[in-house]
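What follows is one structure encoded as structure tokens, with my remarks underneath.
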Amino acid sequence: MSVSKKHKEVNEGMTNLLSHMKEDYHNWSMRGRTVHSNTADFIRETEIRERMEEEYNTGLGYELHTKYIKVVSDKHGGCSVCAFVVATENDKKFRFGDILKPAGWKGPTRNFARGNILENDFHGVHWTGC
């Protein structure tokens with residue numbers, strides 16, 4: 001596999017991962033909606049939900065590092081790690097593209113993968129992360 005092909009696959013996989021997380025956030029926020037008897041309350045709730053969804057979507061991104069790709073969420077000035085993606089083929093336990101739960105800001109837990117970006121497998125990933 002050439003470097004440029006792998007680079008393209010990683011970019012597509014990360015785009016798909018972020019899209020999955022954004023869609024999960026949207027679905028979660030829609031489950032919390034209430035039935036309003038008047039239109040003003042409905043409009044206000046809809047505007048709030050749309051603003052919160054836009055803030056989430058805008059703040060979601062990733063940083064490329066040597067061993068891992070760090071998925072971060074930046075909301076209201078507070079940045080947190082949502083997931084790590086294995087970005088090396090030299091890992092003894094995980095495959096390239098495996099999605100791992102964060103143990104903290106600097107690294108992942110190394111117990112088991114929550115999916116793989118190259119396979120579009122996001123079974124263990126939600127809007128909050130892994």
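Rule-based calculations on the coordinates, nothing more; no lab input. Predicted model only: the values in this text are computed from it and were never measured. Cβ coordinates were reconstructed from backbone atoms using ideal geometry, including for glycine residues, and neighbour counts include every protein chain displayed.
A simple spin-label model places the labels of Thr66 and Glu47 5.1 nm from each other, with each point 7 Å out along Cα-to-Cβ. Distance between the pseudo-spin-label points of Ala40 and Asn16 (7 Å out from Cα toward the beta carbon): 4.8 nm.
Name the aspartates and glutamates eligible as straight-distance cross-link partners of Lys67: C-alpha to C-alpha under 16 Å, and not fewer than 8 places from it in the same chain. Leaving aside aspartates and glutamates fewer than 8 places away in the same chain, those within reach of Lys67 are Glu89, Asp91, Asp98. Ellipticity at 222 nm from helices only: DSSP H runs of n ≥ 4 in the chain, each -39500 (n - 2.57), divided by the residue count, give -13500 deg cm²/dmol.
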